[in-house]
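Working notes, structure below.
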């Protein structure tokens, strides 16, 4: 009974906060948050993974950004399927959605996970206080945007934030060193002479490699476009 009351209090608090801050700040602030939320989507991070693999080979950034994304993909999707929490705009009548309506489950926030895990990872790798400051500002704005835009409850964001810290910690301190060693072993076993930290010379020497890159990045963009069109059609059918 106590656990049930605890969850009821969380839901009550969630609903109160999302109603209070939904659309706050006016049209300009809302437009800013809506555009910044793009940094939490998977498209930009998939492009970066492809970039550090195919264009500018960097095993350090590849392993860190790649695993941070993979950890989030597996954990977030699993929790969303397990919890099956409806979005606030589907439960609360007076919530206005100021962004594209997501059709996935609400808990936890995928956007918040991405910007926290990747922001902390990149800040750690660059070892720059200025980049860390920029990402801290972005993390705050994007996390808040998910509530302000009406697509997440505060608890969705809090758990997404917490998972982002977990993903960053596991990636940087435990998994990334193992992945870098694995990449070296793969290069040696396949006798591939990868040239790190510069533009891949195959881009200027091999047309098939160019086609491969176009296909890889084109697929990422097409999947993002397909997702957008699919969501638009679902929206029109509602």
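Between the helical axis of 129-148 and the longest alpha-carbon principal axis of the chain there is an angle of about 40 degrees. Against the longest principal axis of the chain, how steep is helix 26-36, in degrees 0 to 90 to the nearest 10, with axes from Cα atoms? Orientation of helix 26-36: about 30 degrees from the principal axis.
Pull out a ≥ b ≥ c, the square roots of the eigenvalues of the alpha-carbon gyration tensor of the stretch 13-113, then state rounded if a/c is under 1.5, prolate if not and a/b is larger than b/c, and oblate in the remaining case. Provide the component values of the computation, followed by the final result.
Numbers: a/c = 3.26, a/b = 1.71, b/c = 1.91.
Oblate, since a/c reaches 1.5 and b/c is not below a/b.
For the chain, the longest principal axis of the Cα atoms and the long axis of helix 59-83 meet at an angle of about 30 degrees. Of 170, 28, 44, the residue with the greatest mean-square motion in the GNM of the chain, using alpha carbon springs below 10 Å, is 28.
Among 88-99, 132-143, 109-120, 215-226, what's the highest-first ranking by average C-beta atoms within 10 angstrom per residue? Could the numbers behind the result be given before it?
Working: 88-99: 15.2, 132-143: 16.8, 109-120: 26.9, 215-226: 13.2.
Ranked by mean Cβ neighbours within 10 Å, highest first: 109-120, 132-143, 88-99, 215-226.
Rounded, prolate or oblate, given the Cα gyration tensor of the stretch 95-238, with a/c below 1.5 counting as rounded? Oblate, since a/c reaches 1.5 and b/c is not below a/b.
Packing order of peptides 149-155, 50-56, highest average first: 149-155, 50-56 (average count of other Cβ atoms within 10 Å over each peptide's residues).
Computed FRET efficiency, Cβ-Cβ of residue 226 and residue 185, R0 35 Å: what is it to the nearest 0.05? The partial results should precede the final answer.
Numbers: r = 36 Å, r/R0 = 1.02.
Here the calculated transfer efficiency is 0.45.
Rule-based calculations on the coordinates, nothing more; no lab input. What you see is a predicted model, and the numbers here were worked out from it, not measured in a lab. Here the Cβ is made from the backbone with ideal geometry for all residues, glycine too, and neighbour counts use every protein chain on show.
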